[in-house]
Each structure stands twice: as structure tokens, then as C-alpha cells.
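So the structure is just underneath, and the comments pick up after that.
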Amino acid sequence: MQRRPLVPLLAVSVMAALAPGLAATPATASPSASTAPSAAASSSSVPTEAGALRPYTRQKPVWGRCGGNTPAALQCATLKVPLDYRAPGGKKIDIAISRLRTSAPGKRHGVLLSNPGGPGGPGLEMPLELDEALPRKVKERYDLIGFDPRGVGRSTPVQCGLDAEDNTVLRPLRTFDKNALWAKSVADKCRSKAGDTLPYITTRNTARDMDVLRAVLGERKISYYGVSYGTALGAVYTQMFPRRADRFVLDSAVDPKRAWRGMFQVWAPEAERAFQRWTKWTAAHDATYGLGDTPGAVSKSFWDVVARADRDPIEFDGVPLDGAGVRALVRRDFYTVRDAAERVVKLKEAAGGRTANGPDDPEPPAEDDISAAVTVMCADGPWPRDPETYHRDLIRDAVRYPLYGDFASGIMPCAFWDKPVEPATAVNNEVPALIVQNEWDSQTPLVTARAMHRQLKGSRLVTVDEGEGHGVYSTNPCADSAADSYLATGRLPAADVTCRATGGERRAASSLPAPGPLG
């Protein structure tokens with residue numbers, strides 16, 4: 001039986017609306033004298049005693065059906081957690097959680113928490129995704145647990161009152177002055193609408209919420225599957241609560257040291273590498289695509305389309321694209337060579353006056369609200385405060401990396417954001433974990449997974465050689481075998497593993513949703 005690929009949200013792709021089919025309001029947990037262990041406040045660097053968290057860690061979830069469009073087996077509840085863990089007696093917020101119990105209680109090992117990416121991705125339906133993707137020997141070992149991270153979906157969402165124009169985040173050099181005004185406007189809107197909440201919507205606090213959830217469920221440890229941004233969240237949890245981390249699978253990993261501006265900036269040099277690989281592949285397939293029989297000729301075909309669009313915008317999928325629009329559209333495609341060749345052929349036809357649609361493109365999605373994503377990114381990482389720094393960087397990188405350098409180094413609302421209440425977590429530990437990574441991943445490149453591997457010294461890295469696409473688990477038999485065995489038995493591979501691509505990685509990439517506003 002073929003496994004269903006897991007579909008991660010793109011790195012920093014945002015889905016802040018309610019999860020489909022989960023419209024019902026779950027019941028709220030009530031205080032209880034449960035014997036569940038309390039969260040380890042000392043390991044979370046919060047200046048409060050563990051006893052202050054007991055009203056939270058001793059809640060009893062009141063489980064109920066998540067919604068009419070979801071299976072009855074998926075149950076939901078709502079927990080209360082402190083907005084500010086330094087002051088647990090203060091304001092409280094909701095955390096929506098979900099659970100799909102194991103069908104084999106006698107084989108149960110514990111709970112498997114999950115995060116789909118983002119930041120800003122809702123996770124209530126992740127247990128259903130995992131239930132379809134994981135083999136029986138893994139599913140039987142766990143109750144599958146999902147949750148909307150704080151600020152997202154049904155977990156006291158951050159809402160900045162942004163409009164559709166605000167949701168276009170990575171912007172080109174030629175509109176820098178306009179971009180700076182946009183960035184300040186978004187920061188001002190968020191401060192006005194949710195200023196008392198913003199400083200506390202952080203990855204550190206979400207990790208603390210996970211540990212409260214662990215305690216509420218009565219578990220000594222948690223296991224975890226996180227993809228894309230979810231790898232950063234998982235790594236932060238291992239740093240803050242190393243004795244609470246059991247079996248952690250990190251799929252398509254970010255580099256915690258690059259969070260978050262550096263994760264955008266790494267896209268520029270990596271896109272150039274992907275582009276060079278694409279020109280070689282496409283030249284070898286000139287009989288099919290007609291873009292040139294040498295890498296240089298293929299490159300010229302693409303840049304001719306960009307120049308043509310700058311002179312006169314190209315109508316593509318009903319949208320006029322200038323040269324910057326073409327570059328932004330195709331960057332991610334270059335990591336999946338066949339998709340990029342098909343896309344550039346269509347763009348070339350459109351430049352010649354023919355009506356063009358993307359290769360097998362679905363209907364464009366509704367605009368995502370970037371409020372939660374921007375809030376996490378601005379609170380998590382160091383960002384320059386001087387707009388001129390961004391201007392200088394993107395001028396430099398536009399020359400170094402013509403495909404995407406100006407986008408990757410552009411100004412963000414974080415330039416005008418209030419400073420976070422605490423520094424981000426530096427990840428550097430020996431907690432065991434398994435990292436799985438495609439070589440050609442457009443959102444979390446191999447270089448960032450290797451950096452995560454170095455920072456998690458107890459980890460093993462499974463690399464899919466020539467693997468394409470964002471999200472590995474449940475697409476490659478070799479990588480799946482390593483992850484399945486680890487989740488089922490707790491045994492990591494004896495050494496790092498290199499797998500061969502099978503084609504499934506590309507299928508996983510093509511099943512992803514269209515790029516989110518930050519993708």
C-alpha cells in the first residue's frame with residue numbers, strides 16, 4: 001500500500017484561519033487535582049517556581065468532537081496557558097489541542113506531538129495527516145497529538161487587521177521606498193491591534209506550551225514530528241526541556257542560528273545553485289523543452305523572458321508579471337527541474353503573446369493572513385532596526401545573486417517591531433533526534449539541515465541524494481525506513497545515512513499548496 005505523502009506548509013507559509021472542518025468550539029479544560037507532573041519551569045529559564053504552573057499543568061482536558069466535517073475519532077479540547085510565563089498569575093490565553101488515540105493501547109509507547117510548519121501553521125488536523133501517512137507499526141505506538149500554536153487559528157489568534165496588499169512580504173529592490181512604508185504600516189497595525197500580546201508570541205513560549213500539554217496529558221516525555229518551521233520549534237524544545245524529549249523527527253530543517261532573516265537570505269545563493277543545476281538538466285532535455293542545448297543558452301532563454309517582462313508585463317495565469325514577478329514566481333520551481341522547465345516554457349510562450357497558465361497549477365488560494373507568522377519571526381530573531389541596512393544589503397545581494405538576492409534581503413516589518421521580552425533560544429545540545437532532508441529543498445536547503453545537525457550533536461542526518469521537494473517523510477522508502485524504525489523502537493541509525501531519490505520526493509513537492517505570502 002502506497003503511503004500518503006505528508007504535506008508541509010512551506011517554510012514561513014502562513015495559514016492563520018481556522019483549520020477546515022474544525023469549526024466547532026472545543027470544550028475547555030478545567031482545573032483538577034490530577035497527578036500529572038508539572039512542567040519543568042527551571043529548564044525553561046522562566047523566573048518562576050514550578051508550583052506557580054500547577055493550575056495549568058493539572059488541567060483536565062474536556063475532549064469533544066472537533067467538528068462536523070472531521071472523523072469522530074479526532075477529539076479536541078482547549079487548554080489555558082499563561083500569556084507571559086514570567087507572570088503565570090496574569091493574563092491567560094487558549095491553546096487548542098487535538099488527539100487521535102492509538103488503536104492498540106497495549107502497544108502504546110506515549111504521545112507524538114506534531115507541527116506542520118509556518119510559522120503560523122495551524123496543527124489541529126495534523127493527527128489526521130499522520131494517521132494516513134504513518135505505517136501501522138508507528139501509529140500503534142502513539143496517541144497522535146495536534147495543536148494550534150499560540151497566536152494561530154483557535155489558539156487566541158493574533159489579528160493585526162491586515163489587508164490583501166499587506167500579505168505580499170518578500171518584495172524587490174525597485175520598490176524599496178514603498179516597501180519600507182509597507183513594513184512600518186504592518187508593524188504599526190499589529191502594535192495597534194495586538195500590542196499587548198505580540199511580545200509573547202514566540203517559539204520559546206510555544207515550546208513552554210508544549211510542555212504544559214505534556215504535563216496535562218500525564219506524560220513524562222513527548223515524542224515529536226515537526227516539518228520546516230516545526231523543526232525549529234522541536235529544536236528549541238530539546239534545548240529548553242532536554243529531559244522531556246523522547247523521539248524527535250525533524251523533517252526539512254531550518255538553521256536555528258539563521259532565524260529568521262538569515263533563512264530568507266540563504267535562499268539567494270541556494271537559488272543560484274539550483275538555477276545552474278536546472279540549466280544543465282534542461283539543456284540535456286532540449287528536444288523536449290526547446291530552451292537551448294547548452295546551459296548558457298538555457299540561461300539566456302530565462303533571462304530573455306525576464307527582460308521581456310520588464311519591458312512589457314507578461315500575462316500569466318491572469319496576472320501581469322514584470323521581471324521581478326517572473327523571478328519571484330520561478331525561484332522555487334528551479335529546485336524541481338522538470339517543473340521549472342515546464343514553467344519557463346509557458347512563460348516564454350506568454351512573452352510571445354500566447355495565453356499561458358502554469359503547469360498543472362490549481363486555483364490560486366485565498367490570501368493568507370501573515371499576522372501570526374510575522375509576529376513569531378520578529379519576536380524570535382535579531383533584525384536590523386535601520387532601514388538603510390536593508391537597502392544596502394539588497395543592493396549588494398541583487399548584484400551577487402541576480403535571481404533572488406533583492407527579495408531575500410529586503411526590508412520586513414521586523415525593522416519597526418518592538419524588541420522581544422527575552423532573547424531567542426540558542427540551540428546547542430546532545431539530545432537524540434533524527435533529521436531527514438532532501439538535497440534540493442527550496443525552502444529549507446540542505447545547508448540549513450546540516451547546520452541543525454551540528455547544533456543537535458546527538459542527532460543523525462538522513463539525506464536524500466538528488467531528492468527534490470520540501471518535506472521528506474513518507475516520500476522516500478530509505479528515509480522512511482530510518483524514521484519509522486526510530487519512532488517505533490527509539491533506536492537511531494548508527495551513523496548518518498544517505499538515500500537515493502526515487503521520484504517520490506518530486507511528487508511530494510508537487511502536492512504542496514501554492515507558495516504562501518512568505519514563500
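Tabulated values for the structure
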read-out: Label-to-label distance, nm, for residues given as Ala164 and Asp293 (7 Å Cα→Cβ offset); value: 4.6 nm
read-out: Aspartates and glutamates with Cα under 19 Å of Lys137, excluding same-chain neighbours fewer than 8 positions away; value: Glu129, Asp246, Asp480, Asp484
read-out: All lysines inside 23 Å of Lys346 as judged from Cα atoms, apart from same-chain residues fewer than 8 positions distant; value: Lys280, Lys300
read-out: Modelled FRET efficiency - R0 30 Å, Val62 with Arg243, Cβ distances, 0.05 increments; value: 0.55
read-out: Hull shadow area, averaged, segment 166-289 [alpha-carbon convex hull, nm²]; value: 12.2 nm²
read-out: Label-point separation, Val319 to Val421 (7 Å along Cα→Cβ), nm; value: 3.7 nm
read-out: Calculated log₁₀ intensity ratio I(q)/I(0) where the Debye formula runs over C-alpha points of segment 373-413, q = 0.15, 0.27, 0.30 Å⁻¹; value: -0.38, -0.88, -0.95
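Read-outs: derived from the displayed coordinates by stated rules, not from any lab. Everything quoted here is computed from the prediction, not taken from an experiment. Positions of Cβ are backbone-derived with ideal geometry, glycine not excepted, and every protein chain shown enters the neighbour counts.
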